[in-house]
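Right, one structure below, let's go through it.
Derivation of every value follows stated rules applied to the coordinates shown; laboratory data play no part. This one's a predicted model, so the numbers in the text were calculated from it and none came from an experiment. Backbone-built Cβ (ideal geometry, glycine too); neighbour counts: all protein chains shown.
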Amino acid sequence: MRRSADPGSKPARGWASRFRRDEKGATAVEFAIVAAPFFFMLFALIELALVFWVSTILEDAVRASARRIRTGQVQTSGDASLAAFRNDVCNRMVFLQTHCQSNLSLDVRTYPQWSTANPPDPVQANGDFNPGNLTFVPGGPEDIVMVRAYYRWKLFTPFLSQALSKLKNNEAVVTATSAFRNEPYQ
């Protein structure tokens, strides 16, 4: 028997009603609808956790290295340079050492009073990072010192980079600061 192409014919109506009743593959369709937002949220959560992890590692490294300035070990070591201090901070950032030298910027300044501590921000409004205003002055005994570290971290999750990114190329700037008065070392 030959089937008619007429949509009003019985075989065509039967196919449409069978299609409406058939629930095979409904779970796969539902998962396909929910999968994209689920995986986006999962990857964004993992990346946000990595940013907090980098922040914690950086804060610990800056705290420990700044203590060497506070106690006068850096100033009296014979190599009180930015390169030596950067190596000290990077050596404390165990899991991030491979890119530490290229991604870490440091600013060490002394101030005559706590109220005058107002360092410039190297992150510009247009999304550029300008390390030109950063300096390395660890000070002497009983000086007020502020140590700031900036670590550029590449972001991969699209919308998370819009929320955290401060630089043009989808990089977040993770910062750590330590402010103190140097001890009266000799």
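Here the label points at F38 and A163, each 7 Å from Cα along the C-beta direction, are separated by 2.0 nm in the simple model. Taking 0.36 nm per residue of separation and subtracting the current Cα-Cα distance, fully stretching the chain between T177 and W53 would add 43.0 nm.
Per-residue ellipticity at 222 nm computed for the chain from its helices equals -15000 deg cm²/dmol, with DSSP H segments shorter than 4 residues left out and the rest contributing -39,500 (n - 2.57). Would you mind checking the tilt of helix 26-70 against the longest principal axis of the Cα atoms of the chain, expressed as 0 to 90 degrees and rounded to 10? Here the helix axis deviates by roughly 0 degrees. The phi torsions of region 135-146, fed into the Karplus equation with coefficients 6.51, -1.76 and 1.60 and a -60° offset, translate into couplings of 9, 9, 9, x, x, x, x, 6, 7, 8, 10, 10 Hz, rounded to whole numbers, with Gly and Pro shown as x. At what distance in angstrom do the alpha carbon centres of region 142-186 and region 32-83 lie from each other? For region 142-186 versus region 32-83, the Cα centre distance is 8 Å.
Can you sort E171, E59, E30 from fewest to most other Cβ atoms within 10 Å of each residue's own Cβ? It would help to have the intermediate numbers written out before the result.
Values: E171 19, E59 16, E30 10.
Taking fewest neighbouring Cβ atoms as first place, the list is E30, E59, E171.
Residues in region 83-100 carry Karplus couplings, in order, of 4, 5, 5, 4, 4, 5, 5, 5, 5, 8, 9, 3, 7, 10, 5, 5, 10, 5 Hz; the curve used is 6.51 cos²θ - 1.76 cosθ + 1.60 with θ = phi - 60°, and Gly or Pro positions show x.
Exposure proxy ranking for Y151, Y111, Y185, based on other Cβ atoms within 10 angstrom of each Cβ and starting from the fewest, stands as Y185, Y111, Y151.
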